[in-house]
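Encoded as structure tokens, the structure appears first; notes follow it.
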Amino acid sequence: MTEGQSPQSGFAIPWWPVIVTIAVWAITECLYLFGYQQAPLGTVFDGFVGTTDDQNMYFSFIRQSADGHWLFTNRLTHIPHQPALFNLEWLMVGKLMTLLGGSQRWAYSIWRAIGTAVLIFGFWSLACAALRSQFHRRVALLMCAFGCGFGWVFLILEKAGLTEKWPAAMLDLSDAIYPFGQILINPHLSLSHGLSLLFLAAFIMGEKTEQPRWYGFAAAIAVLHGLIRPYDLILLTGVIPLYCLLESVVTRSFSWRKLGLRAVPLIAIAPLVGYYVWLFHYHPVFKYWAGQGAVKEMPLGGHLFSFGAIGLLCAVRLCCFRRYPLNGPADRLLCVWIAGALVLVHANKLPLFSFLPYSPVFGITLVSPMIILAVPLSDAIKNRLASRRVQVLVGVFVVLIAINSLGSGVWVLKTVYNLRSFPDHYIATTDAQAFDWLNTHSQESDVVLSTLNTGNRMAKQVSARMVLGHWSVTPHVREMTRTAVDFYAGEMSPTSAKAFLDELDAEWIYVGRDEEQFGTIALEEIPGVTLSYANDEVRIYSYSGAANDPE
């Protein structure tokens, strides 16, 4: 393919993204197989290599789908409420799990494969829409699929005692800001990232061709995306108006027709935006979601530097825009997308937006548009080496791609080390057996009291409601955690403990290693409490408080 060919022609060569998809998924899947094989005696692998708390929370909704529901409640709280949340992704994974005979392992593996394919093909679609050169597209895809930042450099410096422990510039090895990390640790992130890229590709094709169908495709993708990850609708609703304003200034023209076409995605997602505003701001239970807890803030400089070579090349491209001019509406839209995402992540540092919390969830798509903007700088390398042999040119690009991908190799090694060294990835067989028993003997409306860590893990395995299940999604999580600790520490009198259980409307009390660390409580002294299950390390008590209340 020559430089001047149409961007649509890139779609005629699907084998390139297919090979990359298979390679990335196979590499990352090997780590999951390692986790299952590495489980120490007396434990089982929990099935995750990262973001465990959040993914257990996902499965609390996925289980509802597998149980036959289409609209979800929040099972990570004892507060009763009617189903109100719809999430297409978790719905489909739950139905898939049902088709697989209830296998969470295989459902999760297929989910990861789908997320990998959507991200890789989403990026390839964006590259075909925004880049004219097939060479640029292929280099960009390799940098996207296997790239990482400079975290590996700082890891070496840290081990040598030359820098602080886990500096901000190592975010590429902790927060999955690159696609490889997202594919590895969390399919919800990779799937959402890929849908964002498909939206950008369709919108750019609309800008280039002015054909309404492309804006219709973009609107459909935006709606699909919104049904999966509400956060990204915020970025979308901010980027499109800013882009319209920028285009009017740059082109010094205005067209009602163009404005109407560009507004089609906004009109399509407007009902979803209204629904989520109600759900997350006014619903008595879901309004607590993401309104609790705090994530350690990263400085803007460290955030940008953590993108590594891609971040630096993108900065050079933008600073040298006269020598390497932006390529029409595609590049301008990507610039607005990057700026919008960075503003949303770090908005609390701005005077007018100090009320907003630090929001890293908006930054998962940042690196992809950076790659698209940075890759054309490879022409400068090609021109410098034009007089050299082809082998030299190929070698230079192989070295550049390899350096850009070193961090992904560190991701793999770090994951292997974590699976060997940290017990958090494994569940004691006694807990797994107790979860299975409880899932068999409880009902969906039952309330289970445990500590936060136990409740979070239990949410993946048990179709019941947890008093404590997630550090952000459980309403009043701090207050409930303190009271639960007092309960398990035996600091409540039997009368107060009974009143606490009545307040929760609890049917089950779980006592495992996490609960016993706070002390020993004589649960049998609480009226209505009966031992129902026990193994070597776990006891499960039933509570029938109403039956023991005096008339």
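The values are calculated or read from the model by the stated rules, or taken from the named source; none is laboratory data. Just so you know, these numbers come straight off a predicted model, no measurement behind them. Here the Cβ is made from the backbone with ideal geometry for all residues, glycine too, and neighbour counts use every protein chain on show. Side chains included, ligands, DNA and RNA excluded: accessible areas come from the protein's heavy atoms. Shrake-Rupley method; radii C 1.70, N 1.55, O 1.52, S 1.80 Å.
So the values come out like this:
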quantity: Residue within segment 441-448 that is touching an Asp or Glu at 6+ places or on another chain (Cβ under 6 Å), assigned to a strand (DSSP E or B), open to solvent by less than 10 Å² (accessible area, probe 1.4 Å) and at negative phi present; calculated: yes
quantity: Filter result for the condition that a residue is closer than 15 Å to Cys128 by Cβ, at pLDDT below 95 and either open to solvent by 20 Å² or more (accessible area, probe 1.4 Å) or touching a strand residue (DSSP E or B) at 6+ places or on another chain (Cβ under 6 Å) (or both), over Thr209, Thr163; calculated: Thr209
quantity: Members of segment 49-95 found to be hydroxyl-bearing (Ser, Thr, Tyr) and in a helix (DSSP H, G or I), listed by number; calculated: Thr52, Tyr58, Ser60, Ser65
quantity: From Leu76, Leu33, residue being closer than 21 Å to Gly101 by Cβ and aliphatic (A, V, I, L, M); calculated: Leu33
quantity: Those residues of segment 97-129 which are open to solvent by 60 Å² or more (accessible area, probe 1.4 Å), farther than 19 Å from Ile228 by Cα and of a type in the set (Phe, Trp, Tyr), in sequence order; calculated: Trp106
quantity: Count of segment 215-238 residues which are at pLDDT below 95 and either on the phi > 0 side of the Ramachandran plot or hydrophobic (A, V, I, L, M, F, W, C) (or both); calculated: 4
quantity: Which numbered condition Leu198 misses (of (1) aliphatic (A, V, I, L, M); (2) open to solvent by 10 Å² or more (accessible area, probe 1.4 Å); (3) in contact with a Leu (Cβ under 9 Å, 6 or more places away or on another chain); (4) not in a helix (DSSP H, G or I)); calculated: (4)
quantity: Those residues of segment 427-440 which are under 21 Å from Leu523 (Cβ atoms), open to solvent by less than 20 Å² (accessible area, probe 1.4 Å) and either touching a Ser or Thr at 6+ places or on another chain (Cβ under 8 Å) or among the acidic types (Asp, Glu) (or both), in sequence order; calculated: Ala428
quantity: Criterion (open to solvent by 20 Å² or more (accessible area, probe 1.4 Å) and of a type in the set (A, V, I, L, M, F, W, C)) met by exactly one of Leu155, Leu173; calculated: Leu155
quantity: Number of the exception - Asp424 against (1) of a type in the set (Asp, Glu); (2) modelled with pLDDT of 90 or more; (3) open to solvent by 30 Å² or more (accessible area, probe 1.4 Å); calculated: (2)
quantity: Qualifying residue in segment 31-38 (condition: surrounded by 20 or more Cβ atoms within 10 Å (Cβ to Cβ) and either at pLDDT 95 or above or not β-branched (Val, Ile, Thr) (or both)); calculated: yes
quantity: Residue that is nearest to the chain's Cα centre (by Cα), among those in segment 212-237 that are touching a residue at least 60 places away in the same chain (Cβ under 8 Å) and open to solvent by 20 Å² or more (accessible area, probe 1.4 Å); calculated: Tyr231
quantity: Hey, Gly519 open to solvent by less than 30 Å² (accessible area, probe 1.4 Å) and closer than 14 Å to Thr451 by Cβ or not; calculated: yes
quantity: Yes/no for Thr530 being of a type in the set (Ser, Thr, Tyr) and over 19 Å from Leu438 (Cβ atoms); calculated: no
quantity: Flag if Gly94 is open to solvent by 20 Å² or more (accessible area, probe 1.4 Å) and of a type outside the set (Val, Ile, Thr); calculated: no
quantity: Selection within segment 462-473 - in contact with a helix residue (DSSP H, G or I) (Cβ under 7 Å, 6 or more places away or on another chain), surrounded by 21 or more Cβ atoms within 10 Å (Cβ to Cβ) and not small (Gly, Ala, Ser); calculated: Val462, Met466, Val467, Leu468, His470, Val473
quantity: Residue satisfying all of: in segment 481-491; among the aliphatic types (A, V, I, L, M) and closer than 18 Å to Val448 by Cβ; most open to solvent (accessible area, probe 1.4 Å) among these; calculated: Val485
quantity: From Leu385, Leu393, residue being within 22 Å of Arg138 (Cα to Cα), modelled with pLDDT under 75 and touching a helix residue (DSSP H, G or I) at 6+ places or on another chain (Cβ under 6 Å); calculated: Leu385
quantity: Wholly enclosed helices (runs of 4 or more DSSP H) of segment 241-336 bearing at least 3 residues within 30 Å of Glu479 (Cβ to Cβ) and without any contact (Cβ under 8 Å) to a residue 24 or more places away in the chain; calculated: 264-281
quantity: Residue satisfying condition, being at pLDDT 95 or above, under 24 Å from the mean Cα position of the chain (by Cα) and open to solvent by less than 30 Å² (accessible area, probe 1.4 Å), within set Pro265, Pro271; calculated: Pro265
quantity: Of all residues in segment 404-434 being of a type in the set (Phe, Trp, Tyr) and closer than 30 Å to Leu141 by Cα, the one that is nearest to the chain's Cα centre (by Cα); calculated: Trp411
quantity: Verdict on Leu344 being closer than 30 Å to Pro212 by Cα and crowded, with 18+ Cβ neighbours inside 10 Å; calculated: yes
quantity: Where Arg478 falls short, out of the listed (1) open to solvent by less than 50 Å² (accessible area, probe 1.4 Å); (2) within 25 Å of Gln292 (Cα to Cα); (3) touching a residue at least 40 places away in the same chain (Cβ under 8 Å); calculated: (1)
quantity: Per-region count, segment 487-528, residues among the hydroxyl-bearing types (Ser, Thr, Tyr) and under 27 Å from His81 (Cα atoms); calculated: 3
quantity: Selection count where residues are closer than 11 Å to Arg332 by Cβ, of a type outside the set (Ser, Thr, Tyr) and surrounded by 12 or more Cβ atoms within 10 Å (Cβ to Cβ), scope segment 245-262; calculated: 3
quantity: Segment 69-87 residues that are on the phi < 0 side of the Ramachandran plot, paired with ones that are surrounded by fewer than 21 Cβ atoms within 10 Å (Cβ to Cβ) and of a type in the set (Lys, Arg) (beta carbon under 9 Å, 6 or more apart); calculated: Asn87/Arg229
quantity: Considering residues of segment 396-416 that are open to solvent by less than 30 Å² (accessible area, probe 1.4 Å) and more than 13 Å from Leu184 (Cβ to Cβ) only, the residue modelled with the highest pLDDT; calculated: Ser405
